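The values are calculated or read from the model by the stated rules, or taken from the named source; none is laboratory data. Since this is a predicted model, take the numbers as computed values, not measurements. Cβ atoms come from the backbone with ideal geometry, glycine included; neighbour counts cover every protein chain shown.
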Amino acid sequence: MIEITVNGRTQRVDAEPDTPLLWVLRDWLGMTGTKYGCGIAQCGACSVLVDGQPMRSCQVPVESVVGQPVLTIEAMADHPVGRKVVEAWVAQQVPQCGYCQSGQVIAATGLLLQTPKPSAEDVADAMTNLCRCGTYLDIAAAVRRAADAA
């Protein structure tokens, strides 16, 4: 059994230590807001916050997050910075298909936790998740809106 803390709750899972965190979240814990995209940590659909840092959970072994808080999209409405990001996403009407948006919100929240008033360059450097719909301008605008609201 592996014990991890997800969204403020201690969870015990019967998983192999090298099981990707993505599959523990989705299959063991039923948190399907974190999406499978590419499986090679390139697209960012699987992004979660681990101790405040955005990580691509498809390549993070579950054993590596033991003792570190993990936050998923399911917790963003209850997180002070995450809530501002979600509100900005809605106000900016960012999502089209929406598949990548949970990872985008996580990446933006991670950025604003580290850099509360990011420059345009900070946003461009941090927001590297892929969006098939091409909503990158709206994503950047929503990040700026969330930063201004904080």
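Looking only at residues of region 1-36 that are touching a strand residue (DSSP E or B) at 6+ places or on another chain (Cβ under 7 Å) and of a type in the set (Asp, Glu), we find that the one that is nearest to ASN129 (Cα to Cα) is ASP18. Summed over region 9-35, residues that are surrounded by 16 or more Cβ atoms within 10 Å (Cβ to Cβ) and not hydrophobic (A, V, I, L, M, F, W, C) total 7.
Within region 29-52, the set of residues being more than 15 Å from THR72 (Cβ to Cβ) and among the β-branched types (Val, Ile, Thr) comprises just one member, ILE40. Just one of the listed residues (VAL50, VAL6, VAL70, VAL85) is assigned by TED's automatic domain parsing to the domain that holds GLY134, within 30 Å of ARG145 (Cβ to Cβ) and either surrounded by 14 or more Cβ atoms within 10 Å (Cβ to Cβ) or of a type in the set (Ser, Thr, Tyr) (or both), and it is VAL85. Restricting the search to region 85-116, which residues are more than 14 Å from the chain's Cα centre (by Cα) and either within 12 Å of ALA142 (Cα to Cα) or at pLDDT below 95 (or both)? Hits for region 85-116 are GLU87, ALA88, VAL90, ALA91, GLN92, GLN93, VAL94, PRO95, GLN96, CYS97.
For region 117-150, enumerate the residues that are more than 21 Å from GLY52 (Cα to Cα), assigned to a loop (DSSP other than H, G, I, E, B) and over 15 Å from the mean Cα position of the chain (by Cα). Residues satisfying the conditions are ARG132, CYS133, GLY134, THR135.
Of all residues in region 13-65, those being of a type outside the set (Asp, Glu) and part of a loop (DSSP other than H, G, I, E, B) number 23.
For region 1-28, a tally of residues being closer than 17 Å to GLU74 by Cβ, over 14 Å from the mean Cα position of the chain (by Cα) and touching a residue at least 40 places away in the same chain (Cβ under 8 Å) returns 4.
With respect to being at positive phi and assigned by TED's automatic domain parsing to the domain that holds LEU130, GLN114 falls outside the description.
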